[in-house]
Amino acid sequence: MSKVKPAPLPPDTVIGGYRVVRKLSAGGFGVVYLAVDDQGQQVAIKEYLPASLAARVPGELCPKVATEKLSLYRLGLKSFFEEGRSLAQISHPSVVSVLNFFRENETVYMVMNYLEGATLQDFIITARDLKREKVFRESTIRSLFDEILRGLRIVHQHKMLHLDIKPANVFITEDNKAVMIDFGAAREVLNKEGNFIRPMYTPGFAAPEMYRRDSSMGPWTDIYAIGSCIYACMQGFPPNDAPQRLEKDRLSLALSRLRGVYSDNLIEVVEWCMSLDPLSRPQSVFALQKELGNEGERSYTKLSVSEKVKLQFDNLVTETRKNVGRSISRETKLK
């Protein structure tokens, strides 16, 4: 792996007729820039630039790729290009719009609509910090994910998978539209072919099969991530990651604490989506949409007195452990 992250393109660089204004973000597989076209319209441009395969010094345009990594770099490049071509064919308000994609500087660029607003992750953190009983109202969760699922259904109909659905990749625009961004197809191809470490997947949102090279992925893989996102909207935090759950699954226990706060139906939907066995999950977005839209008999089973006592005890133990951990940390610093 490269010891130093590849340098982003400097402001005022012109690529494909677009002028780079500034870097917006950077991850392990690319850099996103704010740019303007020849009409002065703002766009977002994503550059394929995997930090584990390529290097680039400040001031240069072309990435430098070691000979032994070239075939893998080109494989990811091809996947990224195909992803751009496929996304350009999809027109849906809940899927990021790809306006153009082109090869230049020995890499590929994907031109997308520039969105203004904040991510779902930003909203979850803000809502969680208010310390109310509910992070999001149930009606908000249902309408938000109905919107996201409409877009995801179109993606799956185009024989594509998102493979990186998480709150940070759901953008809420200033006019309150939910848009899925940052698809992970190129990332997945590189992972299957290369010897990369798993942190390319966000813990808690990646399905168990994504951690195994020999497993098949399908709509059920994205559906697991949808369940995790709904969980995060209910709890304010992501669930345990799949490897932890395979060792000791605490999902049902965590969701049981939300009984009476959210409906039994919504809790059951999350458990269904997040089944560790792919065949036990909804096999299509349509099946999930149908259940999520089921607002008929919405019952709320409250915790019994004994369950409340046990829950209070569990919370006390958890808080004590946290406090002990903080005390040890402080003592270590003092020493």
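With respect to the cross-link table entries LYS159/LYS248; LYS46/LYS69; LYS177/LYS248; LYS46/LYS159, which display a Cα-Cα separation exceeding 28 Å?
Values: LYS159/LYS248 34 Å; LYS46/LYS69 21 Å; LYS177/LYS248 37 Å; LYS46/LYS159 22 Å.
Checking Cα-Cα distances, LYS159/LYS248; LYS177/LYS248 exceed 28 Å.
Between the alpha-carbon centers of segment 237-273 and segment 36-70, tell me the distance in whole angstrom.
Here the answer is 40 Å between Cα centres.
Starting from the Cα of VAL14, move 7 Å in the Cα-to-Cβ direction to define the label point; list residues of segment 34-59 whose amide nitrogen is under 11 Å from there.
38
Simple spin-label model, 7 Å along Cα-to-Cβ: ASP146 to THR67 in nm?
The modelled label-to-label distance comes out at 6.0 nm.
Taking the simple approach of a point 7 Å from Cα along Cα-to-Cβ for both ARG212 and VAL4, what is their distance in nm?
Using points 7 Å along Cα→Cβ, the separation is 4.2 nm.
What FRET efficiency do you get for ASN113 and ASN294 if R0 is 35 Å and r is their Cβ-Cβ distance, rounded to the nearest 0.05?
Values: r = 33 Å, r/R0 = 0.94.
That gives a FRET efficiency of 0.60.
List the extent of the Cα atoms of segment 117-292 along each of their three principal axes, largest first, rounded to whole Å.
Over segment 117-292, Cα extents along the principal axes are 45, 39, 30 Å.
Pairs of Cα atoms under 8 Å, at least six residues apart: use those to get the relative contact order of segment 117-292, whole percent.
On the way: 227 pairs, mean separation 44.0, N = 176.
With pairs under 8 Å counted, the relative contact order is 25 percent.
Order of 271-281, 221-231 by packing, highest average Cβ count within 10 Å first?
Details: 271-281: 17.1, 221-231: 25.4.
Taking the mean over residues of other Cβ atoms within 10 Å, the ranking is 221-231, 271-281.
Cα extents of segment 14-113 along the three principal axes, largest first, in whole Å?
Largest to smallest, the principal-axis extents are 40, 28, 20 Å.
Rounded to two decimals, what ratio of Rg to Rh does segment 232-280 give with C-alpha atoms and a Kirkwood Rh?
Details: Rg = 10.8 Å, Rh = 11.4 Å.
Using Cα coordinates only, the ratio equals 0.95.
Bear in mind these aren't lab numbers, they're just calculated from the coordinates by the rules spelled out. Since this is a predicted model, take the numbers as computed values, not measurements. Ideal geometry is used to build each Cβ from the backbone, glycine not excepted, and the neighbour counts take in all protein chains shown.
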